[in-house]
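The values are calculated or read from the model by the stated rules, or taken from the named source; none is laboratory data. What you are looking at is a predicted structure, and each value in this text was computed from that prediction instead of being measured. Here the Cβ is made from the backbone with ideal geometry for all residues, glycine too, and neighbour counts use every protein chain on show. SASA here: full protein model, heavy atoms, side chains in, ligands and nucleic acids out. Shrake-Rupley method; radii C 1.70, N 1.55, O 1.52, S 1.80 Å.
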Amino acid sequence: MTSFIPGFNNTLNPKAKFYMELAEQCSGLLQGQRNAVTNTANVSSLVYHSLLDTSVREGKPVNWVGFYLRDKANADSLLLGPFQGKPACTEIAFGRGVCGTAASQAKSIVVKDVHEFPGHIACDAASKSEIVVPLTAPDGGVYGVFDIDSSETDAFDDYDRMGLEAIAAMVVEASDF
């Protein structure tokens, strides 16, 4: 199997193997399709169900997986995009909450306990930890963010970050934003 994820080749870590396989599945979904809504919808569904079904989550279930996309009418705002999970906040300003902070800083943020994150926006009271990965444009701008929540604290680690960053990069490369 060819790894899409730098640093994951030749590893025996089960979570790294899981993300390499998930990246291959994402590649298949994204092949031949440029529409950003179609691609983010399919990827959010695949990632949500894959994270629910895998044994490598070690009792850390996900309860929300989706995208917030930059508002074309207001560049300082993210609008709810395709997702899997309970209804969510529809608009988040850059710099607010985990999603807005990740977008404004153009860097991934892993939050072990959302109640400890200053300004956390509680779209779902069941969420206790979160990882947000920016959809970074080639020029360094941000198209949006890829957001994953868990109902347990400390649910995400560096393997999750690296795997989800690789998937986010694949979405950006395959899509016309």
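Add -39500 (n - 2.57) for each DSSP H run of 4 or more in the chain, then divide by its residues: what number comes out at 222 nm, to the nearest 500 deg cm²/dmol? So the helix-based figure for the chain works out to -11500 deg cm²/dmol. Projecting label points 7 angstrom from Cα along Cα→Cβ for Asp113 and Asp176 puts them 4.7 nm apart. Connecting C-alpha atoms closer than 10 Å in a GNM of the chain, tell me which of Cys99, Cys123, Cys26 has the biggest fluctuation. Of Cys99, Cys123, Cys26, the most mobile in the Gaussian network model is Cys123. Estimate the FRET efficiency between Lys17 and Asn74 by the formula 1/(1 + (r/R0)^6), using the beta-carbon distance for r and 35 Å for R0, to the nearest 0.05. So the FRET efficiency works out to roughly 0.30. Assuming a ≥ b ≥ c are the square roots of the Cα gyration tensor eigenvalues, decide whether the stretch 65-127 counts as rounded (a/c under 1.5), prolate (otherwise, with a/b larger than b/c) or oblate. Since a/c reaches 1.5 but b/c is at least a/b, the shape of the stretch 65-127 is classed as oblate.
Once the Cβ-Cβ distance of Glu58 and Ala122 is raised to the sixth power relative to R0 = 25 Å, the FRET efficiency obtained is 0.55. Lysine pairs in the chain with alpha-carbon atoms under 16 Å apart, 8 or more places apart or on different chains: how many are there? Value for the chain: 5. Here the contact order of the stretch 18-147, divided by its residue count and restricted to Cα pairs under 8 Å and six or more residues apart, works out to 19 percent. What separates the Cα centres of the stretch 118-144 and the stretch 65-108 is a distance of 6 Å.
What does the accessible area per residue of the chain come to in Å², with a 1.4 Å probe and no ligands, DNA or RNA counted?
On a per-residue basis, 47 Å².
With only the Cα atoms considered, the stretch 70-177 has a convex hull volume of 96 Å³ per residue. When the Gaussian network model of the chain links Cα atoms closer than 10 Å, the mean-square fluctuations of Ser44, Ser104, Ser55 top out at Ser55. Placing dummy labels 7 Å off each Cα toward the beta-carbon, the span from Gln31 to His49 is 1.8 nm.
With R₀ fixed at 22 Å, the C-beta to C-beta distance from Thr153 to Gln105 puts the FRET efficiency at about 0.45. Quick one, could you list the DSSP H helices from the chain stretching 15 Å or more along their long axis (Cα atoms) with average Kyte-Doolittle hydropathy of -0.5 or above? Once both thresholds are applied, what remains is 14-30, 36-53, 158-174. When the chain is treated as a GNM with alpha-carbon contacts under 10 Å, the residue of Gly85, Gly119, Gly144 showing the greatest mean-square fluctuation is Gly119.
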